[in-house]
Amino acid sequence: MYTINLLSMWITISLLAIASANPIVRKSLNPKLLSIRSPLTNSAFSEDWPTNVVMVGGSQTYGMWVPTDGTWYDLGGIECLGLPAYAIGDCNDITIDQIGVVAGYGPCSFVGSDGYSSTIPGNPGDGYYTVGPPQNIMSAACGPA
């Protein structure tokens, strides 16, 4: 009887430990996060996170700031803010489907890990440009060269 009680107690504690180690993911019901993706604006990201380049990967939108001095930057050294999850991480670690440049901050050039390269003008009214095939964007340069 003692062995059965000990075994049942051990199983209960193990299950509680496993259950508490897995976080519960909740979807945001914030209506401000539901917005049209084009034309591209900086309003999706608050002033707390300056953004001149916005990338879309799956259901996430990532904002980052690339200096507009025409220098090429490794996106592993630039952090992105992902919405709606509010996750922060390196910008070259995410698979991207589309890229947009906030009006007035272009042109911006991008190079991907699987052969993608493009220059996006960042004109008013421009939307997102498709990255094909979807891939990690490794480096970027914004402003006149």
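General remarks:
- The selection criterion, being farther than 16 Å from residue 49 by Cβ, loosely packed, with under 13 Cβ neighbours inside 10 Å and not small (Gly, Ala, Ser), does not hold for residue 107.
- Looking only at the stretch 95-145, residues that are farther than 15 Å from residue 56 by Cβ and charged (D, E, K, R) come to 1 in all.
- Residues of the stretch 87-121 that are touching a residue at least 60 places away in the same chain (Cβ under 8 Å) and assigned to a loop (DSSP other than H, G, I, E, B): 102, 103.
- Test: residue in the stretch 70-81 that is in contact with a strand residue (DSSP E or B) (Cβ under 9 Å, 6 or more places away or on another chain), crowded, with 19+ Cβ neighbours inside 10 Å and either among the hydroxyl-bearing types (Ser, Thr, Tyr) or farther than 15 Å from residue 139 by Cβ (or both): yes
- Of all residues in the stretch 123-145 being in contact (Cβ under 8 Å) with a residue 60 or more places away in the chain and of a type in the set (Gly, Ala, Ser), the one that is farthest from residue 49 (Cα to Cα): 145
- Filtered residue count, the stretch 124-138, keeping only those that are exposed (fewer than 13 other Cβ atoms within 10 Å of the Cβ) and part of a loop (DSSP other than H, G, I, E, B): 3
- Residues located in the stretch 118-145, provided they are among the small types (Gly, Ala, Ser) and either under 14 Å from residue 92 (Cα atoms) or modelled with pLDDT of 90 or more (or both): 118, 139, 140, 141, 143
- Residues (in contact (Cβ under 8 Å) with a residue 40 or more places away in the chain and part of a strand (DSSP E or B)) located in the stretch 56-81: 56, 57, 73, 74
The values are calculated or read from the model by the stated rules, or taken from the named source; none is laboratory data. If you're wondering where the values come from, they're calculated on a predicted model, not measured in any experiment. With ideal geometry, Cβ positions are generated from the backbone for all residues, glycine too; neighbour counts draw on all protein chains shown.
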